[in-house]
Amino acid sequence: MAEYDLIVIGAGPGGYVAAIRAAQLGMRVACVEKEASLGGTCLNVGCIPSKALLDSSELFHESKTSFARHGIKIGDVQLDLPAMMARKDNVVQTLTRGVAGLFRKNKVDHLRGTGKVVDAGTVSITGGDGTQTHKAKRILIATGSAPVQLPNLPFDGKHIISSTEALTLPAVPKKLLVIGAGAIGLELGSVWRRLGSQVVVLEFMDRIAPTMDREMTTLLQRSLEKQGIAFRLKTAAESMKIKDNQVHVNYKSGDETGTEVCDVLLVAVGRKPYTDGLGLAEAGVELDKRGFVSVDKQFQTRVPGIYAIGDVIGGAMLAHKAEEEGTAAVEIMAGKAGHVNYKAIAGVIYTHPELASVGMREDEATADGREVKIGKFPFAANGRARAMDATEGQVKMIADAKTDRMLGLHILGPRASDMISEGSLAVEFAASAEDIARTSHAHPTLPEAVKEAALAVDKRQIHS
Ligand code: NAI
C-alpha cells in the first residue's frame, strides 16, 4: 500500500492531464487505468484514430477526384485497407506510449487495473496481480463515457457497431447505415463513404449536427450530399432483423414507415457517463438523473476529497473540455485559482469541409435578447483557399450590435479546426469584431477569411 496526495481514476485526456499538472504542482500522484494503453477513448478509440482515418481517406478520395486538376496524373488508385489501418494503429501507439513517457518524466505512478473507490481516502485496483489498495488524500474520477446503445438495436460488434468497431472494420462495407447525424456519424460516415461505401444517415431531428449553427449545418449537409452521403431526417430507427448477413432496419418518419437494408449499421446516438463498478453510490457520491457525477464549482462531489471531471460530469463531451477541467480541478486542490471558461470551448466536426464553432449560435444570441450584427465571408473569395482548390464554405461571425463584442464564430471550410482557436482567443480576451478586423493576418492564408468576416460585421470587407 502506498500513500498518495492524489489518485486519478482514468487516463484519458482529462485524467492524464490532471495527473501531470498535479505532479507539476508538487503532489505525489498515481493514475489508475484499466486498459493496457494510456490515453482513454480519445487516443485509443476516438479522436486520434478517427482523425488518422479521416486524413488517409481524404487523401485517397482526393487522389481520385482532384489530383488531376492540380496537374498530377496517376494511374489506377487502389486502396490498401490493412496498410491504412496499420498506419492509424501506429499513430495511436506512438501517442499512447508518449503518455506513458510523460508519466515517467513527471513521476506519476501508473497503476494498471480497474479502480474502485473504497472510501474518501482509499482506492482499490484490481488487475492481473490481484487487488491492491492505496491511500490518497484526494481522489479524482475521470472515467469518461461509453457509447449509448439503442434498446432495439443492441451492439453485436459485427453487424451493429459503435464508433469503436467502425475504426477497425476489416473490409469496406458495401452499404453502411448510420443512426445519428452528430459528430461521430458524420465523421465515420465520411471515412467509409470516401473509401467506397454507400452511406445513408438516419437522423431523428430535422437537421444534421443539431448543436451547431443551423445556417452552417445546412451548408455542410449540401457538401456531404455532393460527396454522396444520403440523409433521412426526422427519421427514427425502430427495430431490426439480421437476415442473410444483412441488417434490415425498420424506421419511422412522420406517418411513414420503411426499411433500409445494409451490411453494417453504425449506431452513433450519443455517449453516456461511465461509472460501472466504481463503487460511487456506496462511497456516498451523488449521480444525477442521467447518471452523471454531480460536482460543485470546484469539481468536488458531495463527498469531501472526491472530485470528478470530464465526460463523466456532463456538458460537452470533448477531450479539450476534460483537459481544462482536469487542470482547473487540481489547481484548485493546490490552492490556486483554477477556472474553466466554457464559452471559449470550441466544437469541431472533422468532415470535409470541417465545421468548427465557438461561442453563441445566431439563434442563441437572439434568444438571449441581444441585437446582433453578422459578418460572413465565403472561402471562394479567399486567395489561399483558391490556391488549395478548397473553396467550399464560409466564415460567419456574430457580434453584439451595441458593444461590437464577438459573441460567436462559426467556420465551415478547410482546416476550420485549426482556425477556430482564433475565435476561442477572442472569447477569452472579450475581443470585439473591430479588434479582429484590425489584427494583421498573414497573406495568403485561410485565416484571412476570419478577418474579412470581422470586417463584414460592419459591411467593410474588401474581397467580397
Ligand atoms: P451526438 O450527441 O453528437 O449526436 C447524436 C445524434 O443522434 C443527434 O443528432 C441525435 O438527434 C441523433 N439521434 C439520437 N437518437 C436517435 C435515434 N433513435 N434515431 C435517429 N437519430 C437519433 O452523439 P455522437 O455523434 O454519438 O457523439 C458522442 C459524443 O462524442 C458527443 O458528445 C460528441 O460531441 C463527442 N464527439 C466529438 C467529436 C468531435 O469533437 N469531433 C467526435 C466524436 C464524438
**Item:** Relative contact order computed over the range 162-222 (Cα-Cα under 8 Å; 6+ residues apart), in percent
**Value:** 32
**Message:** Please give the charge dipole size of the range 63-134, origin at the Cα centre, charges +1 on K and R Cβ atoms and -1 on D and E Cβ atoms. Round to the nearest 20 debye.
**Reply:** 380
**Request:** Starting from the Cα of residue 34, draw a straight line to each of the lysines and keep only those under 20 Å, dropping any in the same chain fewer than 8 residues away.
**Result:** 107, 116, 135, 272
**Request:** May I ask for the percentage of alpha-carbon pairs in the range 331-464 that lie more than 20 Å from each other?
**Result:** 43
**Message:** Just want the answer: with Cβ charges of +1 for Lys and Arg and -1 for Asp and Glu, which residue in 399, 38, 423 is farthest toward the dipole's positive end in the chain?
**Reply:** 38
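Using a simple charge model, +1 on the beta-carbon of Lys and Arg, -1 on the beta-carbon of Asp and Glu, nothing else, what dipole does the chain show about its Cα centre, in debye to the nearest 20?
Values: 55 positive and 55 negative charges, 106 e Å.
Using only the charged Cβ atoms, the result is roughly 520 debye.
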**Request:** Among the listed pairs 51/376; 376/459; 396/459; 137/321, give every one whose C-alpha distance is greater than 19 Å.
**Result:** 51/376; 137/321
**Asked** Is the range 141-230 best put as rounded, prolate or oblate by its Cα gyration tensor, with a ≥ b ≥ c the root eigenvalues, rounded for a/c under 1.5, and otherwise prolate when a/b is larger than b/c, oblate when not?
**Response** oblate
**Asked** Antiparallel as a % of all DSSP beta bridges within the range 160-269, to the nearest 5?
**Response** 50
**Message:** At 20 °C and a viscosity of 1.002 mPa s, what translational diffusion coefficient does Stokes-Einstein give for the range 1-160, taking Rh as the Kirkwood radius over Cα pairs? Give it in µm²/s as a whole number.
**Reply:** 117
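Please report the net charge: other residues with Cβ closer than 9 Å to the Cβ of residue 110, K and R +1, D and E -1.
On the way: positive: 104, 112; negative: 33, 109.
It works out to a net charge of 0.
What percent does the relative contact order of the chain come to when contacts are Cα pairs within less than 8 Å and at least six residues apart?
14
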**Message:** Rounded to the nearest 5, what % of DSSP beta bridges with both residues in the chain are antiparallel?
**Reply:** 65
**Request:** Enumerate the lysines that residue 226 could reach by cross-link, defined here as Cα to Cα under 21 Å, with residues fewer than 8 away along the same chain left out.
**Result:** 64, 174, 175, 234
**Asked** How do 429, 60, 155 rank when sorted from fewest to most other Cβ atoms within 10 Å of their own Cβ?
**Response** 429, 155, 60
**Prompt:** Among rounded, prolate and oblate, which fits the chain when a ≥ b ≥ c are the square roots of the eigenvalues of its C-alpha gyration tensor, a/c under 1.5 means rounded, and a/b larger than b/c means prolate?
**Reply:** oblate
**Asked** Could you name the aspartates and glutamates in cross-link range of residue 88, using Cα to Cα under 16 Å and dropping any fewer than eight places away on the same chain?
**Response** 55, 58, 80, 165, 187
**Prompt:** Cysteines without a disulfide-compatible partner in the chain, using Cβ under 4.7 Å as the rule?
**Reply:** 31, 262
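Tell me the mean residue ellipticity at 222 nm calculated for the chain from its helices only (DSSP H runs of n ≥ 4, each -39500 (n - 2.57), averaged over every residue, nearest 500).
For the chain, the value works out to -9500 deg cm²/dmol.
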**Asked** For the range 319-381, what does the alpha-carbon gyration tensor say about shape, rounded, prolate or oblate, given a ≥ b ≥ c as the root eigenvalues, a/c under 1.5 as rounded, and a/b over b/c as prolate?
**Response** oblate
**Net charge dipole size for the range 344-456 [Lys, Arg +1 and Asp, Glu -1 on Cβ; Debye, nearest 20]** = 220
**Request:** Would you be so kind as to identify which of 195, 70, 24 lies farthest towards the positive end of the dipole of the chain, taking Lys and Arg as +1 and Asp and Glu as -1 on Cβ and the Cα centre as origin?
**Result:** 70
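Just so you know, all these numbers are worked out from the coordinates, no wet-lab data involved. Keep in mind that this is a model prediction, so the values were computed, not measured. When we count neighbours, we look across all protein chains shown, and the Cβ atoms used for this are built from the backbone with ideal geometry, even at glycine.
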